[in-house]
Amino acid sequence: MTILSVEALDARHGLLQAVRGVSLALAEGETLALVGANGAGKTTLLRCIAGAHRATAGRVTFAGDDVTALPAHRRVQRGIALVPEGRRLFAGMTVADNLRAAAGRGRAGNWTLERVMATFPQLAPKLHARAGDLSGGQQQAVAIGRALMTNPRLLLLDEVSLGLSPVAVDAVYESLRALLGGGATVVLVEQDLARALRVADRVVCLLEGRVVYTGAARDTTREQVMAAYFGLREGRA
Ligand code: ATP
């Protein structure tokens, strides 16, 4: 079943058009990797899906309802959770309080502090530490945990690897593996193409705000995506 449908979406930052006529659909349980060069419009598109950035044209349909006009908090209530670039935690609050602050903002469901700790075991000893004192990888785990506490039906992950050491990135993805393999529906922005192709079911490449490649990850080579990435060829696998 299609859970998310984006149709002919445009978005701007002032005079600059960052997203141009983007259409894509996502089935429940699917992981879609959004790739593209810096400035291609990935973050803006993700924020439009979450309701954090207003689209200037087009439509976002979620679980059968047109949510284009809904503000971000109403989309969270319907099950769309964004893990933003840069994480945006409450640095002075404890990990537990950051997580609790998200509970109740989303849907009813079975995500609890305990389940987040089981998913990200590296957080268990840090539950009462200030979020701002954690390592980058631990902070990223809190940011994902906070999104999970809203019991999302769709998880939007914006560059979870950004600024993390390779070891920390591996740890975060190792924890995500159970979620990704366990039927979660995810759109992830990932700079590391090899990793994107490994974890996703489908890959969409943006170039200057437009979709220039879409294909099943298993049928897509790194070379195909790189060509689309730099505008050398448009393709569809
Ligand atoms: P990155 O990988 O660098 O995060 P991205 O693919 O996520 O890039 P966006 O961040 O969506 O791309 O940016 C798309 C375009 O919009 C870029 O040209 C960027 O400079 C511009 N842009 C993004 N945010 C703003 C803003 N707040 N104000 C003005 N322009 C912006």
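The values are calculated or read from the model by the stated rules, or taken from the named source; none is laboratory data. Quick caveat, the model's predicted, so the values are computed rather than measured. All Cβ positions, glycine included, derive from the backbone under ideal geometry; neighbour counts span all protein chains shown. For accessibility, only protein heavy atoms count, side chains too; no ligands or nucleic acids. Shrake-Rupley method; radii C 1.70, N 1.55, O 1.52, S 1.80 Å.
Can you give the convex hull volume per residue for the Cα atoms of the stretch 79-144, as a whole number of Å³?
On the way: hull volume 5.3 nm³, N = 66.
Spread over its residues, the Cα hull of the stretch 79-144 gives 80 Å³ apiece.
In debye, nearest 20, what is the charge dipole magnitude of the stretch 2-236 about its Cα centre with +1 on Lys and Arg Cβ and -1 on Asp and Glu Cβ, if you could check? Don't skip to the answer; put the middle values down first.
Working: 28 positive and 21 negative charges, 97 e Å.
That gives the stretch 2-236 a dipole magnitude of about 460 debye.
Would you report the distance distribution of C-alpha pairs in the stretch 128-231 as whole percents per 10 angstrom bin, up to the bin with the largest distance?
Calculated P(r), rounded to whole percents: 13, 43, 32, 10, 1.
Over the chain, average the accessible area per residue using a 1.4 Å probe and give it in Å², no decimals. Could the numbers behind the result be given before it?
On the way: 10650 Å² over 237 residues.
Per residue, the chain has 45 Å² of solvent-accessible surface.
For the chain, give me the percentage of DSSP beta bridges that are antiparallel, rounded to the nearest 5 percent.
Among the beta bridges of the chain, antiparallel pairing accounts for roughly 55 percent.
Give a quick list of chymotrypsin sites (Phe, Trp or Tyr not before Pro) in the stretch 165-237 that DSSP marks as loop, anything other than H, G, I, E or B, with at most 15 other Cβ atoms within 10 Å. Working shown, then result.
Values: sites: Y173, Y213, Y229, F230; in loops: F230.
Those that pass, being in a loop and sparsely packed, are F230.
Taking every pair of alpha-carbon atoms in the chain, what share in percent sits in each 5 Å bin, from 0 to the bin with the longest distance?
In whole percents, the pair-distance histogram is 1, 7, 15, 19, 20, 17, 12, 7, 2, 0, 0.
What Kirkwood hydrodynamic radius, in Å, does the stretch 187-237 give when the mean of 1/r is taken over all pairs of distinct Cα atoms and then inverted?
On the way: mean 1/r = 0.0938 Å⁻¹.
One decimal place: 10.7 Å for the Kirkwood radius.
Where does the stretch 1-113 land on Rg(C-alpha)/(2.2 N^0.38 Å)? Could you put the intermediate results ahead of the total?
Numbers: Rg = 15.2 Å, N = 113, 2.2 N^0.38 = 13.3 Å.
Here the answer is 1.14, to two decimals.
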